[in-house]
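**Student:** Mind having a look at this structure? Questions to follow.
What follows draws every value from the coordinates through simple rules; no lab data is involved. Because the structure is predicted, anything quoted here is derived from the model rather than measured.
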């Protein structure tokens, strides 16, 4: 297997449910592997998207039916219940505030897919599926979508290599940064999947001239270094392991530099675009600030102005899918970058999920939604660390994957001030599925403690 480095000896008895749930989890993750954003929505593109959604919903139903005995396994069941209540609140909040249903569905779908992925991953993990087998479809789908977005953006939209930006970016890139960091510092062996993830991440980053990807890359390096220190403290890692991991670091640096040079030689305009993006984004336009920063400021100011007019909305927001706008005080400078007609549309009726998790959460669901999202990320990090600590006395070959939910959460958080990854359906699925990796760790720890009773059913009493 791609991520199974060695046989896992601590596993519950295999049943038909385990096999069925593993196959169904693959199908669920593959349902949105080729997800994309059509430049101009058409009947065909809409039907394709509905097909993806129907597949995800149908498989989720089968997983719930087959895996019903594992639905209430703790501690993941507690969070599933809380997130389900939050989604019910968001739906009711939007209905009561007369948000058009189609807008609510399109804007809120990533949140529901996050829950579906958490649910499916939780059930599959609780049934006793090995963590490496749970993580493999997530990795495969991430790599497929990164490559697909580049191909789709360049082949089926109006952009080319000189103008491509977000059109070729996959929502799986920040997750890939987390995977790379874990592979380098926390995995016990060098594996080619790390090189594949590096090639995918940096190709997309260099071709799209996306500076913000520097944040998750840096966050991944810092987080995995911290968690390696945790592993040393727990006795799961040894200091001499650090020297063994120098080889992957050297390989990564050489591979990265080779890739960068190769891309700049093959596409020389990319180098010029990076120089402009990094060192002179405003010089040729007589602008005081970077245009990307201006759009975020215009959006944030308008959102706070809207809430200030109805202070009670700071409690429950305006509803997912409600209209907002960009403050037109920023338009004179933005006219130098954006088409005037397109920009004027932003002054009255915008209903996508915004450029920041935090400002849009506050706008759509008030402090209730803000608290829910903060709680989700805190829980992902806490559960990840807790499950890793629970397995530290006898770390198995998949031990490094127990840190992936925490590292992925930190990588997403590193981008959250200037982007809202939950504007993408696939990101919701990948994050939700990864979140429940910790549940597999809890199940393994339970069986590790009860090794003398091998026929014990795969459940976890941990609260």
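**Student:** As a test of the formula, what do you get for the chain when each DSSP H run with n ≥ 4 contributes -39,500 (n - 2.57) and the sum is divided by the residue count, at 222 nm and rounded to the nearest 500 deg cm²/dmol? Please report the intermediate quantities before stating the final value.
**Tutor:** Details: 19 runs with 305 residues, N = 463.
Helix-only estimate at 222 nm: -22000 deg cm²/dmol.
**Student:** Here is a further query. Mind pulling up the Rg/Rh value for the stretch 295-347? Radius of gyration and Kirkwood radius, both on Cα.
**Tutor:** Numbers: Rg = 12.4 Å, Rh = 11.9 Å.
Here Rg/Rh amounts to 1.04.
**Student:** If you average the sequence gap of Cα pairs under 8 Å that are 6 or more apart and divide by the length of the chain, what percent do you get for the contact order? Could the numbers behind the result be given before it?
**Tutor:** Working: 697 pairs, mean separation 128.7, N = 463.
Relative contact order comes out at 28 percent.
**Student:** Hey, another quick one. Relative to the longest principal axis of the chain, what angle (0 to 90°, nearest 10) does the C-alpha long axis of helix 246-266 take?
**Tutor:** 30 degrees
**Student:** For a distance above 17 Å, tell me the whole-number percent of Cα pairs in the stretch 205-260 that qualify. Don't skip to the answer; put the middle values down first.
**Tutor:** Values: 823 of 1540 pairs.
Roughly 53 percent, rounded to a whole number.
**Student:** Against the empirical 2.2 N^0.38 Å scaling, what ratio does the C-alpha Rg of the chain come to?
**Tutor:** Details: Rg = 22.5 Å, N = 463, 2.2 N^0.38 = 22.7 Å.
Normalised Cα radius of gyration, the chain: 0.99.
**Student:** Can you pull the three principal axis extents for the Cα set of the stretch 12-78, in Å, largest first?
**Tutor:** For the stretch 12-78, the Cα spread along each principal axis is 49, 26, 16 Å.
**Student:** By how many degrees, 0 to 90 and rounded to 10, does the Cα axis of helix 404-415 deviate from the longest principal axis of the chain?
**Tutor:** 10 degrees
**Student:** Using only C-alpha positions, report the orientation-averaged shadow area of the convex hull of the stretch 44-170, nm², one decimal. Before the final figure, lay out each step's value.
**Tutor:** Details: hull surface 40.2 nm².
Seen from a random direction, the Cα hull of the stretch 44-170 projects 10.1 nm² on average.
**Student:** Let me ask something else. On a 0 to 90° scale, report how tilted helix 43-66 is relative to the longest principal axis of the chain, with both axes built from alpha carbons and the result rounded to the nearest 10.
**Tutor:** Value to nearest ten degrees: 20.
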